[in-house]
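These notes concern the structure reproduced below.
The values are calculated or read from the model by the stated rules, or taken from the named source; none is laboratory data. On a predicted model such as this, the values are computed, not experimentally measured, just so you know. Backbone-built Cβ (ideal geometry, glycine too); neighbour counts: all protein chains shown.
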């Protein structure tokens, strides 16, 4: 798809929050015509200044769209935006492509695939790995599942938002992979918090331990960055605790349905729920450091 073709391709973007806004920005910069809708209308204003078309409802956004992207916090919100009153499926023409890029888990993905099939819309399950920084830089990893026949058509859309698209199989495979990756991530963050508290309890300087991890094969750039963020008490959100906890809950439920128990995740998820109840849900998930003292 050339830039001239992209300028004639209309993408409806439903959900322009912390992740959706930079993703939609990347599409605008790549030359796509972008129609945007968000539950909080003020969130679309910066996109309109860049050339996006503001719309009054998901149905309005989907009017005339070739491709529609959903990027909303959970399955119920995606379902309401697509199939509810003034939902996008009221106006999205048959044969159009729906890129479902929210993290919604296995069950909701199956429900939305059925909904798309009922309306004659091609459904691609494509959650992303990465937070706000990679979304702004266009370096997200797209975890895609969907029919082979549509992959070349949607490649330019994915390429505008991410550094790589991994096709993992049919619709549903992307959401399964996202659950596995995010379960790894939440366990790593909890382990980092525990490691820092353990270090302090032994009377060691946690900064020295971070330096050791930075140089050791067992360390990772992500772990080191999160450890420093914890020690600095810098909880400006990149990936909020409430969204990380939501994904952990989805992983636990999916694992249970598959007949296994995520013992590590189950060991701390109640403490994360309590931290959210205590008002930390909109902070970065690294805030669990302040709630992991025992």
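Summary of values
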{"read-out": "Lone unmet requirement of (1) more than 21 Å from the chain's Cα centre (by Cα); (2) closer than 16 Å to residue 116 by Cα for residue 10", "value": "(2)"}
{"read-out": "Qualifying positions in segment 101-141 - closer than 18 Å to residue 246 by Cβ, in contact (Cβ under 8 Å) with a residue 40 or more places away in the chain and not in a helix (DSSP H, G or I)", "value": "101, 102, 103, 104, 125, 127, 128, 129, 131"}
{"read-out": "Residue 42 vs. criteria without any contact (Cβ under 8 Å) to a residue 12 or more places away in the chain and in the same structural domain as residue 157 (by TED's automatic domain parsing)", "value": "yes"}
{"read-out": "Yes/no for residue 253 being at pLDDT 95 or above, closer than 25 Å to residue 143 by Cα and not assigned by TED's automatic domain parsing to the domain that holds residue 19", "value": "yes"}
{"read-out": "Helices (runs of 4 or more DSSP H) contained in segment 165-248 and holding at least 3 residues in contact (Cβ under 8 Å) with a residue 24 or more places away in the chain and in contact with a strand residue (DSSP E or B) (Cβ under 7 Å, 6 or more places away or on another chain)", "value": "173-201"}
